[in-house]
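Read through the structure below, which is laid out as structure tokens, and then see the notes.
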Amino acid sequence: MIVPTFARVPMAGYEWIVLAAVGTGFLSFGLWVHHMFTTGLPGISIGIFSAASQAVAIPTGVQIFCFIATLLIGRVVKSVCLLFVLAGLATFIIGGLTGVMVAVAPFDFQAHDTYFIVGHLHYVLVGGTIFPIVAGFYYYYPLITGKQMSERLGTVAFWLLLVGFNVAFFPMHLTGLIGLPRRVYSYPSGMGFELPNMISSIGAFVLGRVFALA
Amino acid sequence: MNELPSQSTLDPAGSGAEQIANLFYVMTSGALIIWFIVVGLAAYAILVPGKHNVRLTKRLVIGCCGNTCFGSSGTLKFTSCFCHRLRWWR
């Protein structure tokens, strides 16, 4: 909705987007086991669910390229909405690429239950839902209230949200690879967890404050 | 400061873990290339407005789509190898 509006052309490859959405839904029935690769499943199950988890990148990629094609063939009007769409794409793609990594079962055995997964899931969820929802908020606000939101303040909020989010969640990949497990309230000192956790905490405060302001 | 043994994935203690660490570095390199191409294309489309060449657009987008499918067929190949290896482990 937002992409064709601001590109001022109908969506390129609309049928492909619909097919890709159906394909994603279909594949989703066969990939949920990637959350439980370490529970002692038979090798054949891991192989099938690993393949499905990686194959979901195909329809998702098709959708993303249709969005990009629409923007390329259109006459784009820059707006805060589109900035949030771009941020959503950039973030979701990082989450998707780390998703392909953890879909590879041997790597998942190493990364399972660490902060790497916390970083991955936030990139998927925030890129796939939160940034597009904020874009939708900016898009529909004038329709409901009859007033346009400030583009200048929106741009400031956008950059603060983007920086805050990345400062909070990107170091978690590293923290996880160093070996910090998830769902712990404390950790031993001297293992290299302190600095990335401090950076994440600063980013989280920025993100929280800006969300409250925005 | 305490000196505790490393439990990092990137500090492998055996040959199997070393292979997985190498796999991570390979996947990270690939991921960086893909991210820069796709996000670069999206940023170009938004930040450099104006009607772009339709033929070039088709080439870029279909090329990227093709690479997605081609890359994924590689994934399927990898998965079949993985199943095969698992059969031998057991």
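The values are calculated or read from the model by the stated rules, or taken from the named source; none is laboratory data. Remember, predicted model here, so these are calculated numbers, not experimental data. Every residue, glycine as well, gets a Cβ built from its backbone with ideal geometry; the counts of neighbours run over all protein chains shown. Remember, those area values only see protein heavy atoms, side chains included, never the ligands or the DNA or RNA. Shrake-Rupley method; radii C 1.70, N 1.55, O 1.52, S 1.80 Å.
Some values worked out for this structure:
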quantity	calculated
Looking only at region A:80-93, and only at residues there that are touching a residue at least 40 places away in the same chain (Cβ under 8 Å) and either charged (D, E, K, R) or within 28 Å of residue A:36 (Cα to Cα) (or both), the one that is surrounded by the fewest Cβ atoms within 10 Å (Cβ to Cβ)	A:88
Subset tally (residues that are open to solvent by less than 40 Å² (accessible area, probe 1.4 Å), at the interface with another protein chain (Cβ under 7 Å from one of its Cβ atoms) and under 30 Å from residue A:5 (Cα atoms)) for region B:1-59	10
Residues of region A:134-155 satisfying the condition of being open to solvent by 50 Å² or more (accessible area, probe 1.4 Å) and either closer than 23 Å to residue A:94 by Cβ or in contact with a strand residue (DSSP E or B) (Cβ under 9 Å, 6 or more places away or on another chain) (or both)	A:137
Residue B:67 vs. criteria assigned to a loop (DSSP other than H, G, I, E, B) and either open to solvent by 30 Å² or more (accessible area, probe 1.4 Å) or modelled with pLDDT under 75 (or both)	no
Whichever residue in region A:15-29 is in contact (Cβ under 8 Å) with a residue 40 or more places away in the chain and open to solvent by 50 Å² or more (accessible area, probe 1.4 Å) and, among such residues, is nearest to residue A:138 (Cα to Cα)	A:21
Every pair of residues 6+ apart whose Cβ atoms lie under 7 Å, when the first sits in region A:172-188 and is open to solvent by 70 Å² or more (accessible area, probe 1.4 Å) while the second is of a type outside the set (Asp, Glu)	A:174/A:196; A:187/A:180; A:187/A:193
Search result, residues across region B:8-56 that are in a loop (DSSP other than H, G, I, E, B) and either over 22 Å from residue A:75 (Cβ atoms) or in contact with a His (Cβ under 9 Å, 6 or more places away or on another chain) (or both)	B:8, B:9, B:10, B:11, B:12, B:13, B:14
Candidates A:167, A:163, filtered to the one that is surrounded by fewer than 15 Cβ atoms within 10 Å (Cβ to Cβ), closer than 21 Å to residue B:32 by Cβ and in contact with a helix residue (DSSP H, G or I) (Cβ under 8 Å, 6 or more places away or on another chain)	A:163
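Yes/no matrix, rows are residues, columns are (1) of a type in the set (Val, Ile, Thr); (2) surrounded by fewer than 22 Cβ atoms within 10 Å (Cβ to Cβ); (3) modelled with pLDDT of 95 or more:
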| position | (1), (2), (3) |
| --- | --- |
| A:43 | no, yes, no |
| A:58 | yes, yes, no |
| A:70 | yes, no, no |
| A:78 | no, yes, no |
| A:100 | yes, yes, no |
| A:115 | no, no, yes |
| A:122 | no, yes, yes |
